[in-house]
1. Between the stretch B:403-429 and the stretch A:264-282, how many Å separate their Cα centres?
2. Which angle from 0 to 90°, rounded to the nearest 10, does the C-alpha axis of helix A:48-62 make with the longest principal axis of chain A?
3. Spin-label point model (7 Å from Cα, Cβ direction): what's the A:Gln52 to A:Ser319 distance in nm?
4. What Rg and what Dmax come out for the stretch B:333-491 when only alpha-carbon atoms are used, in angstroms?
5. Need one value for B:456-466: mean number of C-beta atoms belonging to other chains within 10 Å of its residues' C-beta atoms.
6. So which of A:Lys166/A:Lys292; A:Lys88/A:Lys175; A:Lys175/A:Lys292; A:Lys88/A:Lys216 end up more than 32 Å apart, counting from Cα to Cα?
7. Run the helix sum for chain B: -39,500 (n - 2.57) per DSSP H stretch of 4+ residues, divided by residue count, reported at 222 nm to the nearest 500 deg cm²/dmol.
8. Using a 7 Å offset from the Cα along the Cα-to-Cβ direction at both A:Glu114 and B:Leu326, what is the distance between the two label points in nm, to one decimal?
Amino acid sequence: MSSRLRRALFLPAAVAASALLLAGCAAGGSGEPAADPDALVVYNAQHEELTQEWADAFTEETGIDVVLRNGDDSELGNQLVQEGAASKADVFLTENSPAMSLVEQAGLLAPVDETTLALVPEQYRPASGEWTGIAARSTVLVYNPDLISEDDLPASLMDLAKPEWKGRWGAAPAKADFQAIVSAVLATQGEEATRDWLEGMAENATDYRNNIVTMKAVNAGEVPVGVIYHYYWYRDQDAAAEDSGNTKLHYFGNQDPGAFVSVSGGGVLENAPHPDEAQQFLAFIAGEQGQKILGEGYSFEYPVGSGVPAKAELPPLDSLDAPVIDPSTLNGPEVIQLMTEAGLL
Amino acid sequence: MLAVGALVPIGYVVQAAVAMGWAELSALVFRPKVGELLVNTVLLVVIGVPATVVLGVGGAWLVERTALPGRRTFAVAFAAPLAIPAFVASYGWASAIPSISGLWGGVLVSVLAYFPLAYLPALAAIRGLDPALEESARALGMGSWAVFARVVLPQLRLAILGGALVVGLHLLAEYGAFAFLRFDTFTTAIVTAYQATFAGPNAAALGLVLAVLCLVLLGLESLARGRARYARIGSGTPHPPARLELGRLRVLTTVGAIALVTASIVVPLASVVRWLFRADATDLGGLAPATVQTLGLSIGGAVCAILVALPFAWLAVRYPSRISRLLEGSAYLASSLPAIIVALALVATTLALAPALYQTAFTVIVAYVIIFLPRALVPLRAGLAQVPESLEEAARSLSVPPWAARLRVTAPLLMPSVAAGGALVALGAANELTATLLLAPTGTRTVATSFWTAASSLDYPAAAPYAVLLVLLSVPAVALMFANATGRSLR
């Protein structure tokens, strides 16, 4: 049996292996796959689906190819800093501001074209003009009404560090999204209060991998409340409400850190191999067509440029009563440091 | 030179630690979070390794030496989970039982995914045993259990230790499966720290602790292996063993074997297939380019790993010395670190020394060679050891030049080992996640990274086609491994 089986298995496997070896050598000889040197390289920390839509529409309009390198805000931001002038990146897109500020402070960004800046209202971009806002997202508390009544919800995000919230909330501290919220806590409450709050969080909260998993856990009744960004909930409601059907949203308002509106950034690298195309791409995103792709498409994030309105289901951006924070003052590295000290990372 | 390449990751971790200085390093290492990770990781290994050994050795024993019904089917089925990457298995389990998480979730999924790594060497070793020894023991009045414990197990010691070591190192290095199940180990925490800071001090400090854990595991194995040797003069002509009738245990063991196959193959595959039926046609567009890129990178990795492993194996077999042993040891040590550390080391190294190589297919392949070198080395070494040097000498005595003798006599005899080693490396490379994500040229999407992107955002239907593809791509290599394990006794 075994000798038959062995022969039966071995021969095709060996043939396949040698054929693959040959193919590999041939491929190795003809150079590396995929990388088109003329393509615009976008380091993308925004949602891949959205940026891909932008890229496809941009390519269709201009004939310029775009390739994405996908990752997280902090990961790609720190990577750009590490790469410095050796970077192959043309454009950097983030979900939040701190990673963009990090790259800006390292002196790696080129000024954004004035015409592009003019498309975006001042409160959604840094005064420096080194990058611009391209979208916005609001912090929300997602809760499960079967487990907690509306009256028992916390008045402030800061309350979640109190002992009575032990084991009763979830978030995704490893993700840049949540780290941006912490940066808002830091900007509005100061270092000491932030430190205390993070220690309370380490004590109280359940770690989830990302916003979707957090929302799903609240939906499944694992924890009564979770801190996420608004659009995950609206997207899921718009689909089959499979992961949010048992949940509602609570907006903190009141200029609470929990009402923080996070600005997604777009910037052009100082050493971009394709600087003109990079500026063109950013102008496209902030322009009417790009903002409509964002506002009318699958995203459910808030457009910030060219006067394009958000989806009708969303509460208007200016009704959220968010704390007023200059996006370029949000500090990523200090937040990471504080979160590491608190044992969250 | 080769050994230097293999030691880049170790050098990176040590250098990062030295650069940090003791104060910062100790602040990062001696904190509650690291204690938590240490407890998690150690528990995982302490529970997971014995469990995989019991399942693997028990399974091999059942299919080889007992009258278990359907044993031929089970013999293949126990190896089959190797074709399902652990992170696909965890996706399958998590979508079947959404609440599965934490230590027990991690132990369950990883034991089910990795027990074949203990099963295959045990199977090969049991097939190689001469049943005459067991019969003598029986004739001297030992019962079945006593024969197993006192005659069979000691002869399997090396195979068991080897399997346990491989499983242990896999448990330390696994990222995807545990990230999915919300079970924090050093490796998942390193990836998290990396995402927060990209090669920051926190990632390096955690990497240092993990490197120490890997060393402890390697040391424990070599300690347990000891200097004891088993000697036999010639292999004789073993006759087929008498199969043990299971008697009252027959039903119980059959149910157990079915349960094991169900949990390790049926559950993950059923989830994958269930989601596959809900996949959009639009989800399928990326499959072809991802397959091409995966094949290109993994075959490139396999070819290069074989080329690098050949001189190592040659030295070890033909010129055994302290230096060749040291070289071989360095290859194992470097590859025992998780891929994320190897990748971080290569990012730092290429950026500092050869920016032109940064984010190229070349660097990805270098990473694959470092991570998977032992997979090529082990079969090559074994294959080379079986080619009698006298054949080459005979050719040379017929005035064939040495290089031609090697090419015409030794190389063809080595081909099966080359194929086996290459297939193993390609299998590992095709399933590799973290190093590929970090090092690949912008725009690269392998099957594994595409699967991971979709599965991470809980888009199960979009992930399913990639999961199926990963399994299909793995089948030939697993078949080869199985053929190798079951064929050895016949030589």
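1. 48 Å
2. 60 degrees
3. The answer from the label model is 3.3 nm.
4. According to the Cα coordinates of the stretch B:333-491, Rg and Dmax are 19.9, 66 Å.
5. Values: counts 4, 9, 9, 2, 0, 0, 0, 0, 0, 0, 0.
Whole-number average of other-chain Cβ neighbours for B:456-466 is 2.
6. Working: A:Lys166/A:Lys292 42 Å; A:Lys88/A:Lys175 25 Å; A:Lys175/A:Lys292 27 Å; A:Lys88/A:Lys216 37 Å.
Distance filter (> 32 Å) returns A:Lys166/A:Lys292; A:Lys88/A:Lys216.
7. Working: 25 runs with 368 residues, N = 491.
Counting only the DSSP helices, I get -24500 deg cm²/dmol.
8. 6.7 nm
The values are calculated or read from the model by the stated rules, or taken from the named source; none is laboratory data. Owing to the predicted nature of the structure, the values given are computational and were not obtained by experimental measurement. Glycine also receives a Cβ, built like all others from the backbone with ideal geometry; neighbour counts cover every protein chain displayed. Accessible surface areas use protein heavy atoms only, side chains included; no ligands, DNA or RNA. Shrake-Rupley method; radii C 1.70, N 1.55, O 1.52, S 1.80 Å.
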